[in-house]
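This report refers to the structure that appears directly beneath it.
The values are calculated or read from the model by the stated rules, or taken from the named source; none is laboratory data. Since we're looking at a predicted model, the values are computed, not measured. Using ideal geometry, Cβ is built from the backbone for each residue, glycine included, and neighbour counts are taken over all protein chains shown.
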Amino acid sequence: MISFLQQNAFWIITIVKIALLLFIVLTVNAYLTWFERKVVAHIQSRWGPHRVGPHGLLQPAADGLKFLFKEDPTPAGVDQFVYYLAPFLALTLSLTALAVIPFGPDPLPFKILGEQVYLWIVKSDIGLLVLFAITALSVYGIALAGWASNSKYSLLGGLRSSAQMISYELALTMSVVGVLLMANTFSLQGIIEAQNNAKWGFGALGWNVIAWTKNGLLFPQVIGFICFFTSAIAETNRAPFDLPEAESELVAGFHTEYASFKFAMFFIAEYTAMITVSCLATILFFGGWLSPFPPTSFWTFTHYIPSITLIPFGLWVIYDGIRYETIFGKLILPAVGFAMFAIGAVLLAGVRIAPLHTVNEFIQPVFWFTAKILVFLFFYVWARGTLPRLRYDQLMNVGWKLLLPVSIANVILTAGIILWRSHS
Amino acid sequence: MVPTHYYLILSAVLFGLGAVAFVFKRNIITIFMSIELMLNAVNLAFVAFSQAFGKVEGQVFVLFVIVVAAAEAAVGLGIIILIQRNRQSLNIEKVNLLKL
Amino acid sequence: MAESLVSPALLTFFVLAGLAVLGAGSLVLQKHPIHSALSLIVVMVSLAGLYLLMGAEFVAMVQIIVYGGAIMVLFIFVIMLLNAGEEEHTDFSQLAKFAGLPLAFALTASLAALVFKPDAGVPAATQAFIPKATEQISSMLFKEFVYPFELTSFLILVAIMGALVLAQREKK
């Protein structure tokens with residue numbers, strides 16, 4: 001038994017990693033919907049979900065149960081195979097994109113079954129191209145859903161959505177070429193490593209957004225980042241580019257005729273695409289898992305930033321929970337707060353206790369990566385709550401006449417500056 | 001490692017199936033798709049030979065074939081849209097004005 | 001575990017090749033053009049898998065992005081917009097059915113037989129992958145093949161203009 005495990009260690013570890021990643025991503029998706037509803041509500045001066053569980057934290061669970069138990073009508077005259085294929089395709093493609101995303105540089109500090117366990121599922125030399133391939137294929141989920149529903153609204157919504165997605169794919173791809181020119185590799189790990197040589201070792205300056213490396217100032221990829229993020233918002237059909245799924249426009253666009261679980265699959269696919277794009281934005285432009293502080297000995301106190309954020313936050317959750325209205329809240333919130341406080345304290349204890357020190361060092365890159373992803377997810381939700389929707393022809397104009405020429409100009413400028421630097 | 005002639009036989013089979021679809025189908029779009037299938041079969045043969053000889057020229061040529069196929073698909077589908085507009089049918093037997 | 005007869009590479013090849021042949025067969029046999037288009041997408045993705053198996057990773061990704069993500073999307077858009085329905089049954093010459101299919105098999109079999117000859121001129125591959133294929137492709141595209149590369153950009157421009165002109169509505 002043990003020898004069987006040890007001989008197939010690679011496969012077993014990969015399957016376990018995939019299961020764990022799916023579990024984590026689906027949970028993050030669920031709480032991302034909570035986060036979005038809360039933030040948009042607070043932007044609009046109202047509360048958002050606050051009844052189901054303390055602070056509405058069990059709302060995603062209630063939504064999930066609702067999706068499972070709701071009636072699932074299939075409209076008449078649909079093409080059965082394509083109708084069932086479309087949400088499955090959308091969900092599968094969105095979740096597959098997470099396989100190439102690296103969450104941290106170092107393997108786990110201990111060996112499992114004799115193998116080093118890295119924090120990614122696939123390390124590929126063409127990781128970025130794999131992500132673009134999956135983005136290109138995800139147009140099908142929407143186009144086929146719109147067509148298979150045998151309804152005019154769905155067909156128009158599906159055609160508009162997919163036309164928007166393929167238009168913004170071009171700007172998305174071109175805005176990344178500047179980063180590729182600076183990193184010389186398609187692999188995501190390599191792109192992060194290429195941002196590791198900041199001037200004076202000050203981490204944040206080496207990120208592609210600023211690009212002040214030890215060899216001098218390359219072209220800061222600010223324009224590239226703005227083009228990338230705008231195209232990504234359009235690519236994932238989120239506000240302000242969500243006309244094809246806006247309720248007042250085309251009922252619900254391509255997912256009008258999809259109910260309960262199939263709609264949930266589209267929903268999860270959209271939020272997972274948001275997470276993937278946020279991961280990609282941090283990896284390409286903001287240094288991925290690199291800390292913004294220098295690695296010199298003076299700055300080792302920044303290694304305790306996770307603890308410094310978790311401990312007061314945990315204490316605040318305990319304080320809030322004790323004074324909460326419902327009994328359930330009075331029980332759960334202090335428990336959650338105490339768990340956060342305990343994790344923060346354990347990480348802080350790494351100052352003195354050696355094994356906890358390795359844990360703290362291991363958590364560092366993952367913490368910075370997660371923090372940056374959360375910042376981008378907040379930007380997504382902020383844009384949804386604040387900006388008005390673009391009309392469809394304005395949307396297509398922005399994609400073709402503004403973003404595409406600007407991203408091509410970014411490529412030309414970056415290439416020119418790199419060429420000039422290598423000559424001088 | 002997979003022997004090269006396995007890939008070449010697969011390429012031949014796909015090409016044959018593309019040729020069958022080209023001859024026997026009546027919908028213009030399906031005929032056009034069978035042309036794309038034949039082009040794909042040829043691409044597979046190119047990449048197989050590139051691996052066999054250890055040189056990348058085969059893969060470079062595959063990129064050119066893909067680009068040409070894209071351009072051809074764009075223009076061809078434009079023509080198909082025109083045919084549908086003029087003949088109100090996508091049946092290739094209706095596009096027979098030049099028949100004697 | 002004992003060494004099996006079928007190595008993982010060979011097993012992957014048969015799975016992907018089977019998928020490709022099934023997709024191509026489905027393209028021939030399906031009545032509705034959208035099902036044929038979906039079968040062709042299956043063929044293209046499995047061919048991309050085969051390219052990855054041969055170590056041609058850049059070509060595999062370009063195949064998925066361009067062929068699977070752009071050209072086939074164009075096909076599906078046209079099928080949706082023209083509302084192509086299922087194929088009607090029309091008269092077919094019996095000669096085509098009875099002589100055509102065997103001839104198609106004969107064509108495929110003769111092509112395959114040519115390949116199986118021992119001195120077919122195909123050398124055995126010395127290595128499983130070409131190392132740094134992407135770098136070599138890019139250097140070749142911009143050094144030896146730069147002229148065809150720039151010509152393809154003109155080709156695409158001409159194709160865009162042609163498609164625009166063809167799809168215009170008549171000016172009343």
Item to check | Odd one out for A:TYR140 among (1) part of a helix (DSSP H, G or I); (2) touching a Leu at 6+ places or on another chain (Cβ under 7 Å); (3) in contact (Cβ under 8 Å) with a residue 60 or more places away in the chain; (4) not hydrophobic (A, V, I, L, M, F, W, C) | outcome: (3)
Checklist entry - Across the stretch B:58-69, what is the number of residues that are within 16 Å of C:PRO131 (Cβ to Cβ) and more than 7 Å from chain C (Cβ to nearest Cβ)? => result 1
Checklist entry - In the stretch A:107-119, is there at least one residue being among the hydroxyl-bearing types (Ser, Thr, Tyr) and within 14 Å of chain C (Cβ to nearest Cβ)? => result no
Checklist outcome for this item: Residue hits (the stretch A:317-359; of a type in the set (Ser, Thr, Tyr) and either touching a Gly at 6+ places or on another chain (Cβ under 6 Å) or part of a helix (DSSP H, G or I) (or both)) are A:TYR319, A:THR358
Checklist entry - Among the residues of the stretch B:25-47 satisfying the criterion of being at the interface with another protein chain (Cβ under 7 Å from one of its Cβ atoms), without any contact (Cβ under 8 Å) to a residue 60 or more places away in the chain and of a type in the set (A, V, I, L, M, F, W, C), which is farthest from C:MET61 (Cα to Cα)? => result B:MET33
Item to check | Of all residues in the stretch A:14-57 being over 23 Å from the mean Cα position of the chain (by Cα) and of a type in the set (S, T, N, Q), the one that is surrounded by the fewest Cβ atoms within 10 Å (Cβ to Cβ) | outcome: A:SER45
Checklist entry - For the stretch B:2-16, how many residues meet the condition of being part of a loop (DSSP other than H, G, I, E, B) and either aliphatic (A, V, I, L, M) or within 7 Å of chain C (Cβ to nearest Cβ) (or both)? => result 1
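Among residues belonging to the stretch A:125-166 that are of a type in the set (S, T, N, Q) and surrounded by 20 or more Cβ atoms within 10 Å (Cβ to Cβ), point out the one that is farthest from A:ASP393 (Cα to Cα). Spell out how you get there, then give the answer.
We begin by selecting, within the stretch A:125-166, every residue of a type in the set (S, T, N, Q); these are A:135, A:138, A:149-151, A:154, A:161-162, A:164.
Cutting the leftovers down to surrounded by 20 or more Cβ atoms within 10 Å (Cβ to Cβ) gives us A:135, A:138, A:149, A:154, A:161-162, A:164.
On the way: A:THR135: 23, A:SER138: 22, A:SER149: 25, A:SER154: 19, A:SER161: 12, A:SER162: 14, A:GLN164: 10 Å.
Checked the stretch A:125-166; the qualifying residue farthest from A:ASP393 (Cα to Cα) is A:SER149.
Sort through B:ALA52, B:ALA19 and tell me the only one that's surrounded by fewer than 22 Cβ atoms within 10 Å (Cβ to Cβ), facing chain C (nearest Cβ under 7 Å) and in contact (Cβ under 8 Å) with a residue 40 or more places away in the chain.
On the way: B:ALA19 fails: in contact (Cβ under 8 Å) with a residue 40 or more places away in the chain.
After applying the criteria, what remains is B:ALA52.
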Checklist entry - In the stretch A:253-275, is there at least one residue being at pLDDT 85 or above and hydroxyl-bearing (Ser, Thr, Tyr)? => result yes
